[in-house]
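Written out below as structure tokens is the structure these notes cover.
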Amino acid sequence: MTQLSQEGFAAARHYLLIEARPLEAAIFRHEFEGGSDGDVLTELAAFQNGDGGFGCAMEPDFRLPDSSPLATSLALQRLSALPPSAQRTKMTKAAMGYLIERYDPSREGWAAVPAEIVDHPRAPWWDPDEEEGAARSWPNPTAELTGYLYEFPSAAGDRLRQALTERALAWLDGLADPIEMHDLLCFLRLAVRLPGPMQAELYRRLDPLVPKAVAVDPTAWAGYCLQPVQVAPSPRSRYYKSLRPAVEANLDHLIGRQGQDGAWEPTWAWGRYEEVWQTARREWRGILTLENLRLVYAHGRLATPAPPRHYAS
């Protein structure tokens, strides 16, 4: 099994601290070097708007400064990985208030992004859909956001989270085609936040879908696909045992794709707004480098003797 060498780790560290966004640099320091979670919260606050939601290109592929449910879901992923604190509570309370306020009863959920996205540079896959505008699929991000209604509960969300959980189960029951990868990832983020009986019901529906959605052919991994490590980010993951050979081969592939400057390259490009894309590309390289360091550490593939202080996988 390939290990990420100490030199590879050092190069990734250098990229994160010098070239990546301050957010990814702060998260790296927190998770790998005992840095302050307060520094992470400070950097996250730069993406939070006055309405409580997150925007400001939190998702690098659309440069919308306004809040969006999709960007807010990404921020909540980061907040979820941090220990409880007064500052985290304040930020999550504001974010959940934004979501409750923006809930769309006619959709039974949230559109990923508002219509104003068309006024800002973005990847072509964020162009409005002819039928749904900028709404996109129901699970992304509604299934994931339902999970945060459990993790960060409020009186306003109690009835809503129950209704959305039932909607999530019904959506899966009505699924005729193989599940889209981002939809599946949103359901998996919901599953880990559900209480026992409901979690079991959700996994009963997800278990047969996962093997069909994951790309186990190594020739696909250089492109954009659902990679084995994404559904088994650690050996403790639910799907690690069933996907173990593919996961271990996927880790070898991942380590082999580290660039000479220590970063990992996105497997996609916009094909337009070239100057803005270069900014987004640099941001993605930082995000991917942090994510991949987490993966190689969680799977025991990191040769460096310095262990992370904290990482919630």
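The values are calculated or read from the model by the stated rules, or taken from the named source; none is laboratory data. Not measured: the values here are computed from a predicted model. Please note: Cβ atoms are built from the backbone with ideal geometry, for glycine as well, and neighbour counts cover all protein chains shown. These area figures cover heavy atoms from the full protein model, side chains too; ligands, DNA and RNA do not enter into them. Shrake-Rupley method; radii C 1.70, N 1.55, O 1.52, S 1.80 Å.
Points to keep in mind about this one:
- Test: residue in segment 238-250 that is open to solvent by less than 50 Å² (accessible area, probe 1.4 Å), among the hydrophobic types (A, V, I, L, M, F, W, C), without any contact (Cβ under 8 Å) to a residue 40 or more places away in the chain and farther than 25 Å from D173 by Cβ: yes
For every residue, the table says whether it meets (1) of a type in the set (A, V, I, L, M); (2) modelled with pLDDT of 95 or more.
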| residue | (1), (2) |
| --- | --- |
| Y150 | no, yes |
| A155 | yes, no |
| D158 | no, no |
| T165 | no, yes |
| A170 | yes, yes |
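- Just one of the listed residues (D217, D177) is over 19 Å from Q3 (Cα atoms), modelled with pLDDT under 95, among the charged types (D, E, K, R) and open to solvent by 70 Å² or more (accessible area, probe 1.4 Å), namely D177.
- Set E201, E101, E108, E151: member being in contact (Cβ under 8 Å) with a residue 24 or more places away in the chain, on the phi > 0 side of the Ramachandran plot and surrounded by fewer than 20 Cβ atoms within 10 Å (Cβ to Cβ): E108
- Listing of helices (runs of 4 or more DSSP H) fully contained in segment 1-45 that carry 3 or more residues being over 15 Å from Q260 (Cα atoms) and modelled with pLDDT of 95 or more: 22-33, 37-45
- Among the candidates R122, R193, residue that is open to solvent by less than 60 Å² (accessible area, probe 1.4 Å), touching a residue at least 24 places away in the same chain (Cβ under 8 Å), farther than 16 Å from S67 by Cα and not polar (S, T, N, Q): R193
- Neighbours by Cβ (under 7 Å, 6+ apart or cross-chain): first from segment 4-23, open to solvent by 50 Å² or more (accessible area, probe 1.4 Å); second of a type in the set (D, E): P22/E43
- All positions within segment 254-275 that are over 20 Å from the mean Cα position of the chain (by Cα) and of a type in the set (F, W, Y): Y273
- A search for C-beta distances below 8 Å between a residue of segment 77-90 that is closer than 16 Å to Q48 by Cβ and in contact (Cβ under 8 Å) with a residue 40 or more places away in the chain and any residue that is surrounded by fewer than 19 Cβ atoms within 10 Å (Cβ to Cβ) and not charged (D, E, K, R), counting only pairs 6+ apart in sequence or on different chains, returns S80/A312; S85/G38; Q87/G38.
- Residue that is most open to solvent (accessible area, probe 1.4 Å), among those in segment 56-92 that are aliphatic (A, V, I, L, M) and assigned to a helix (DSSP H, G or I): A86
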